[in-house]
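Working notes, beginning with the structure itself.
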Amino acid sequence: MGARNRRRSWPVLGQLTGADRLGRGAAVESARTASLSPRTATADRVVQSVCPYCAVGCGQRVYVKNEKVVQIEGDPDSPISRGRLCPKGSASEQLVNNPNRVTSVRYRRPYATDWEDLPLDRAVDMISDRLLDTRARTWQEADKDGNKLRRTMGIASLGGATLDNEENYLIKKLFTAAGVVQVENQARI
Amino acid sequence: MAECHPVGFQWVMEAKARGARVIHIDPRFTRTSAVADMHVPLRAGSDIVLLGALINHIISTQKYFREYVVSYTNAATLVNEDFKDVDDVGVFSGFDAQSGTYDTSTWQYLGVEETAAAGNRSAAGKHPTGQELGGRGSKLEHGRVQRDETLQDPRCVFQILRRHYARYTAELVEQVCGVGPEGFAKICDAITANSGRERTTAWVYSVGWTQHSVGVQYIRGACIIQLLLGNIGRPGGGIMALRGHASIQGSTDIPTLFNLLPGYLPMPKAGEHEDLSSYFESIYSPDQKGFWTSAEAYTVSLLKAWFGDMATAHNDYGFHWLPRVNGDHSTYSTLMDMLDGTVEGYFLLGQNPAVGSSNGKAQRLGMAQLKWLVVRDLNMIESATFWKDGPEIATGELRTEDIGTEVFFLPAAAHTEKKGTFTNTQRMLQWRHKAVDPPGDARSELHFFHQLGVELRRKLAGSPLERDAGLRNLTWDYPLETDGEPDGEAVLQEINGRHRSGAKAGQMLSSFVDMKADGSTDGGCWIYTGVYADGVNQAARRRPGQEQSWVAPEWGWAWPLNRRMLYNRASADPDGKPWSERKRYVWWDEAQQRWTGEDVPDFPVDKPPSFRPAPGTGGPGGLAGDDPFIMQADGKGWLYAPSGLLDGPLPTHYEPAESPVRNPLYRQQSNPTRESFPRQENLTNPSPPEPGSEVFPFVVTTYRLTEHHTAGGMSRFLPYLSELQPEFFCEVSPELARERNLVNGGWATIVSARTAVEARVLVTERLAPLRIDGRVIHQVGLPYHWGVGGSAVVSGDSANDLLGIALDPNVHIQESKAATCDIRPGRRPTGPALLRFVEEHRRRAGITVTTGNIRMTPPEGSL
Ligand code: SF4
């Protein structure tokens, strides 16, 4: 950096001699700041999405680099949100990349005091066994007057308001065909 | 709204900038109040008195929009002469005190007989099923009603309404709600001055209205006001429900709810719906007006979507493979069964009932009775770890080594790691594209449930059992992506529906009008038909808002048929002309002989305003050109509900199940039809006139904060959001702080019959004490996001642990917005001492299992 440039990099001097007389912009920018570029500029791709928190449904732009989400911003094109996100929507990058997020199956045996590991396929296999076993044992074909019931009251499900319509559709379809009627979600609450 | 739907609130501010008056009615002063023109604090649980007094004001000062009321509502319709309004006891005609239910036959329109489904009283279970309306009005035998358009006949709805609300006066508002005459007058003035041809008023509510033992009637109160003022189906009008979860609207439309099938078709009921024809017979009458008469086509198309070629006319399209309901099987009834040990397995899908549901202790004790529990979540929520770090381990009520529940925790995919649609609070579906793969074992629910279905069907493939036929015959062959994830677009296409035969075989349906009852079409949710019109994913449309009209019809897709405002034919006068230039929205184009405008008309597009059907015509053809409410059986907006409600045809004030205040209107203290669960795990605080209510003298209400999301599963595990709101706190007024020696920043213990919780004290004028019936009533405000556990970034006692379970009878939603409590300075006792502390309060209040659960309030002096 030459002497002239170095002098220009003194904020007060830059402020007095440059266009930024109020010292809120270029005049006070450090060399480090000048060398930074936003994650949104270097992303490999931008994917349009929707905030997962409340039902306003704010538009999001998800910035992806090296197959990782690097930033989530409001989508200015959305006629609902016009680019804005609230604290929750703004924090959703951390929801996705949270180091606290549990990403492997955990299993607790009856009466055990701690978790164990369990392969995912094995977990699905065991859950389907539990479901069939309970269903068979608690099956109600008809009520005492002979009216058709065709169901189990031994299995219940709660959740679905943060899930996609397509997911809820498969949940309701599968459970109903299996005779599970106690299917509920946050909408009730 | 500014707190919990902040980005939506920008439109309220836009309206305000253009001159709209904003009134915030809420027990608390919040960020909404801060920018409103006026904040009206009222006592939690008293809203029907306020709404009723507004109705009284509108009628008695003749400020209603007469032309709209006469033409578009049922004001002129005559009601059965046997109908009796609430008496001094506080019940309508037809009440059975023994069961706490109504025989609704006397509520019917004159000359229209009671319909089988109206009351849902045939249920064999402990509690009635409730109602499953949501996308439509209740059934009527036919639409041939008798009307007096002068509104003078004493039997007409308008006169019934006038008489019912005559008792709801400004004085009563002051006495019950704590809202003075000046504040009340300002609300009256604002809503009446801003209604009519030139202007409209909108009402916005959220769970502050739904979470009451009379929650449905709160919303009905607003409906009556909006219909009287002509504010439904018009721009700037309406009643907006702000929903708290990204797709909570979608999870009602495509319901993960016990009493519904997709598109608000009811789940079949035992004894009533042995076959398809009895099912159809009970849900609609071919003689009623409107589009609900096509329920047959919607149902058969659903069954074809689920069972494909296996569903035929010969086997009733597989209807007999569906399970039957017989009573309330909602989440709180299930909880009671869990406590009784009859529920073995439980799936939690992004839901944390240990923190988010009322009576958290009962929730955890219930889960400790399960054989197996599957928790699918992004984070290790308290409902997954209650067996090792729940509050009951600390009190000694549960011991880890004694809990036999087998727990599977399966990590879930985040919103960026899967594609699919959310339905927002405006019924708008928006497609999310997938950005990245989920990490590790994390999978979407689509993936998990598809895989579970594959496993179940593989294991039952050779089963000879009839009960397995439904699973074996289910269509489950979704195309898979390379990672085994079913293609979400294929599922959305199934939801939309296709032509199965004929010239268009294989093509997507573009409207539910194309659905047939003969098996030639399929479609998993008729109200979503059109989301894939022309074979295009309409929910993925993202034409920038800047490039569109203010209605922005090309961003996403709204059901039904991309109509952005329901019942918008009412935005034009009976002749089809806009009520005013300022408020034009949808109108009749005489030259084109069509309805046209800013939005997709919510009306048969070529039916002229002057059209009158031949008497007795049912279905869409029965709608007159001035019947804007096309899903109602008589084409009109219902000021009075002749059927469909279980607790009365008109909103009536009852006190919350727990209240420090005696109901001044009727002998009946609280809703006589409310659903209650008297048992040791769910004790109730006494309310007047029962003795002991002075032990819990304060009103407690719960709410959310901007920085957290419900039970915290998606917020308390994030450092950013946890730092913004780290700790459970209670809001109390300076007066209450003085009375109870509470210190700002210090600790307080809040007690109910269920338990005691501790919270940091926030002394603030935001919760002003109210003068109710001559005495001061304090309210305590509690955000409910925290829970006790070891995995979140921040934890704390849970406000929901304080609340008991009393439900609205129509929809089984709990009363968590108004209860009673005591508050004391300092931290709560820990370990077994906590149980003794709560027990001491119960003893002082004389609480037994029957306390607060006597259905009918006895005459004064008999207690
Ligand atoms: S950004 Fe905030 S207001 Fe918008 S959808 Fe998300 S949570 Fe709701």
Inset, instruction - Go through segment B:4-53 residue by residue and tally those that are acidic (Asp, Glu), farther than 26 Å from B:Pro651 by Cα and away from chain A (no Cβ under 14 Å). - result: 1
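Report yes if B:Thr416 is free of Cβ contacts under 8 Å to residues at least 40 places away in the same chain and either facing another protein chain (nearest Cβ under 7 Å) or more than 16 Å from the ligand (Cβ to nearest atom) (or both), otherwise no. Give the steps one after another, and end with the answer.
Numbers: free of Cβ contacts under 8 Å to residues at least 40 places away in the same chain: yes; either facing another protein chain (nearest Cβ under 7 Å) or more than 16 Å from the ligand (Cβ to nearest atom) (or both): yes.
The answer is yes for B:Thr416.
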Legend entry - Odd one out for B:Pro688, checked against (1) over 26 Å from the mean Cα position of the chain (by Cα); (2) of a type outside the set (Ser, Thr, Tyr); (3) surrounded by 22 or more Cβ atoms within 10 Å (Cβ to Cβ): (3)
Legend entry - Meets criteria (touching a residue at least 40 places away in the same chain (Cβ under 8 Å), more than 7 Å from chain A (Cβ to nearest Cβ), open to solvent by 10 Å² or more (accessible area, probe 1.4 Å) and outside any helix (DSSP H, G or I)) for B:Gln369: no
Inset, instruction - Find all pairs meeting these conditions: Cβ atoms under 8 angstrom apart; at least six residues apart or on different chains; first residue within segment B:692-720 and within 14 Å of chain A (Cβ to nearest Cβ); second residue part of a strand (DSSP E or B) and among the charged types (D, E, K, R). - result: B:Gly713/B:Asp377
Inset, instruction - Only strands (runs of 3 or more DSSP E) wholly contained in segment B:751-853 count here; list those with 1 or more residues that are under 16 Å from B:Gly390 (Cα atoms). - result: B:756-763
Inset, instruction - Tell me which of these B:Ala394 doesn't satisfy, since it passes every other one: (1) open to solvent by 30 Å² or more (accessible area, probe 1.4 Å); (2) assigned to a strand (DSSP E or B). - result: (2)
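One line per residue, one yes/no per condition, for (1) under 32 Å from the mean Cα position of the chain (by Cα); (2) over 30 Å from B:Ala15 (Cβ atoms); (3) modelled with pLDDT of 95 or more:
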{"residue": "B:Arg472", "(1), (2), (3)": "no, yes, yes"}
{"residue": "B:Thr475", "(1), (2), (3)": "yes, yes, yes"}
{"residue": "B:Lys504", "(1), (2), (3)": "no, yes, yes"}
{"residue": "B:Lys516", "(1), (2), (3)": "yes, yes, yes"}
{"residue": "B:Gly535", "(1), (2), (3)": "no, yes, yes"}
{"residue": "B:Pro553", "(1), (2), (3)": "yes, no, yes"}
{"residue": "B:Gly556", "(1), (2), (3)": "yes, no, yes"}
{"residue": "B:Trp559", "(1), (2), (3)": "yes, no, yes"}
Inset, instruction - Please work out which residue is farthest from the ligand (Cβ to nearest atom), limiting yourself to segment A:15-62 and to residues that are closer than 17 Å to B:Ala414 by Cβ and assigned to a loop (DSSP other than H, G, I, E, B). - result: A:Pro52
Legend entry - Candidate set from segment B:580-592 (those that are in a loop (DSSP other than H, G, I, E, B) and either open to solvent by 20 Å² or more (accessible area, probe 1.4 Å) or touching a helix residue (DSSP H, G or I) at 6+ places or on another chain (Cβ under 7 Å) (or both)); member that is nearest to A:Ser78 (Cα to Cα): B:Tyr585
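Having 1 or more residues that are within 16 Å of the ligand (Cβ to nearest atom) and facing chain B (nearest Cβ under 7 Å) is the bar; report the helices (runs of 4 or more DSSP H) wholly within segment A:77-182 that clear it.
On the way: elements: A:87-90, A:92-97, A:120-137, A:165-178.
Hits in segment A:77-182: A:87-90, A:92-97.
Being open to solvent by 50 Å² or more (accessible area, probe 1.4 Å), in contact with a helix residue (DSSP H, G or I) (Cβ under 7 Å, 6 or more places away or on another chain) and more than 14 Å from every other protein chain (Cβ to nearest Cβ) narrows it down to one residue among B:Lys504, B:Lys516, B:Lys577; which is it?
On the way: B:Lys504 fails: in contact with a helix residue (DSSP H, G or I) (Cβ under 7 Å, 6 or more places away or on another chain); B:Lys577 fails: in contact with a helix residue (DSSP H, G or I) (Cβ under 7 Å, 6 or more places away or on another chain).
Result: B:Lys516 is the single residue among B:Lys504, B:Lys516, B:Lys577 that is open to solvent by 50 Å² or more (accessible area, probe 1.4 Å), in contact with a helix residue (DSSP H, G or I) (Cβ under 7 Å, 6 or more places away or on another chain) and more than 14 Å from every other protein chain (Cβ to nearest Cβ).
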Inset, instruction - Please go through segment B:318-356 and pick out each residue that is touching a helix residue (DSSP H, G or I) at 6+ places or on another chain (Cβ under 6 Å), buried (at least 24 other Cβ atoms within 10 Å of the Cβ) and assigned to a helix (DSSP H, G or I). - result: B:Trp321, B:Thr331, B:Leu335, B:Pro353, B:Ala354, B:Val355
Legend entry - Scan of segment B:448-493 for residues that are more than 9 Å from chain A (Cβ to nearest Cβ), within 20 Å of A:Val96 (Cβ to Cβ) and crowded, with 19+ Cβ neighbours inside 10 Å, ordered by number: B:Glu485
Inset, instruction - Kindly list the number of the only condition in (1) more than 16 Å from the ligand (Cβ to nearest atom); (2) more than 8 Å from chain B (Cβ to nearest Cβ); (3) of a type in the set (Asp, Glu) that fails for A:Glu73. - result: (1)
Legend entry - Subset of segment B:840-857 (residues that are under 14 Å from B:Glu681 (Cβ atoms) and not hydroxyl-bearing (Ser, Thr, Tyr)): B:Arg842, B:Ile847, B:Val849, B:Asn853
Legend entry - Any hit, segment B:65-72, residues being without any contact (Cβ under 8 Å) to a residue 40 or more places away in the chain and either away from the ligand (no atom under 16 Å from the Cβ) or more than 14 Å from every other protein chain (Cβ to nearest Cβ) (or both): yes
Inset, instruction - Could you pull out every one of the helices (runs of 4 or more DSSP H) wholly within segment B:181-254 that has 2 or more residues that are more than 14 Å from chain A (Cβ to nearest Cβ) and acidic (Asp, Glu)? - result: B:181-193
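Condition check ((1) open to solvent by 10 Å² or more (accessible area, probe 1.4 Å); (2) under 25 Å from B:Gly713 (Cβ atoms); (3) in contact with a Gly (Cβ under 9 Å, 6 or more places away or on another chain)) across all residues:
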| site | (1), (2), (3) |
| --- | --- |
| B:Glu758 | yes, yes, yes |
| B:Pro769 | yes, no, yes |
| B:Pro783 | no, yes, no |
| B:His812 | no, yes, yes |
Legend entry - segment A:143-158, residues that are open to solvent by 50 Å² or more (accessible area, probe 1.4 Å) and of a type in the set (Gly, Ala, Ser): A:Gly146
Legend entry - Single residue of segment A:119-142 satisfying the filter (touching a residue at least 12 places away in the same chain (Cβ under 8 Å) and either of a type in the set (Asp, Glu) or surrounded by 15 or more Cβ atoms within 10 Å (Cβ to Cβ) (or both)) that is farthest from B:Pro411 (Cα to Cα): A:Gln140
Inset, instruction - Name, by its number, the condition in (1) facing another protein chain (nearest Cβ under 9 Å); (2) assigned to a helix (DSSP H, G or I) that does not hold for B:Met380. - result: (2)
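Scan segment B:202-213 and tell me whether some residue there is open to solvent by less than 10 Å² (accessible area, probe 1.4 Å), under 22 Å from B:Gln249 (Cβ atoms) and touching a residue at least 24 places away in the same chain (Cβ under 8 Å).
Here is the first cut: in segment B:202-213, the ones open to solvent by less than 10 Å² (accessible area, probe 1.4 Å) are B:212-213.
From what's left, under 22 Å from B:Gln249 (Cβ atoms): B:212.
After this cut, where a residue has to be touching a residue at least 24 places away in the same chain (Cβ under 8 Å) as well, the list is B:212.
Checked segment B:202-213: at least one residue is open to solvent by less than 10 Å² (accessible area, probe 1.4 Å), under 22 Å from B:Gln249 (Cβ atoms) and touching a residue at least 24 places away in the same chain (Cβ under 8 Å).
The values are calculated or read from the model by the stated rules, or taken from the named source; none is laboratory data. Remember, it's a predicted structure, so these values are computed and weren't measured experimentally. Here Cβ is always computed from backbone atoms with ideal geometry, including for glycine, and neighbour counts include all displayed protein chains. Quick note on the areas: whole protein, heavy atoms, side chains included, nothing else; ligands and nucleic acids left out. Shrake-Rupley method; radii C 1.70, N 1.55, O 1.52, S 1.80 Å.
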